[in-house]
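See structure below.
The values are calculated or read from the model by the stated rules, or taken from the named source; none is laboratory data. Please read all numbers here as calculations on a predicted model, not as lab measurements. All Cβ positions, glycine included, derive from the backbone under ideal geometry; neighbour counts span all protein chains shown. Areas reflect the complete protein model, heavy atoms only, side chains present, ligands, DNA and RNA absent. Shrake-Rupley method; radii C 1.70, N 1.55, O 1.52, S 1.80 Å.
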Amino acid sequence: REARAAGASRETALLSALRSAEDDPWLREGTTMIFCEPAAAAAVHGRLVAEMPQLRAALLCEGAAAPEGSAEAVARFASGEARALVCTAAAARGLDFPRLRHVLLFDMPKDVAGFVHSAGRTARRGKEGLVTCLVESGAEVGRFRQLHALLPARALEFSAAPAS
């Protein structure tokens, strides 16, 4: 789903999307990853998300902007102690969080591969998940829909190998 700022700041839209997720019993049982770029912005948005203490947010970003070590942030999020992880695109690959139900893209990836890897953190192994994209205008929605249009793949068929 996309969430438009519609006159409000994207920061306000971020908090609104997180509050809506908290109102959804299914999403509330899982965790949320919030992707921001660059690391300094992730640190700022991490402090903003910390205004929702029930999320017990962790911050995963490279450089001096991270108040806790990356291993500690990942461990807190993986265990469910932290229900939100504010991170950069560096977390879009190679991490698997079984409790993850919601990916929130504060900053949209620049290319399809970045979108697929960020969005692909949720709904793994046949599970359901939700991706929320914060956009600033209807024109931006159209542009991102074109850029990130994913067509259904042709179904693969396998036949049993003949017994020998």
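Compute the accessible area per residue over the range 28-134, keeping the other protein chains in place, probe 1.4 Å, unit Å². Provide the component values of the computation, followed by the final result.
Working: 4790 Å² over 107 residues.
Accessible area per residue: 45 Å².
Full-extension gain between GLU29 and ALA123, please, as 0.36 nm times their residue separation minus the C-alpha to C-alpha distance. Numbers along the way, then the final one.
On the way: separation 94, 0.36 × 94 = 33.84 nm, distance 1.43 nm.
My answer for the length gained is 32.4 nm.
Mind ranking 46-53, 20-27, 114-121 by how tightly packed they are, going by the mean number of other C-beta atoms within 10 angstrom, highest first?
Numbers: 46-53: 16.4, 20-27: 13.5, 114-121: 18.8.
The densest-packed peptide leads the list: 114-121, 46-53, 20-27.
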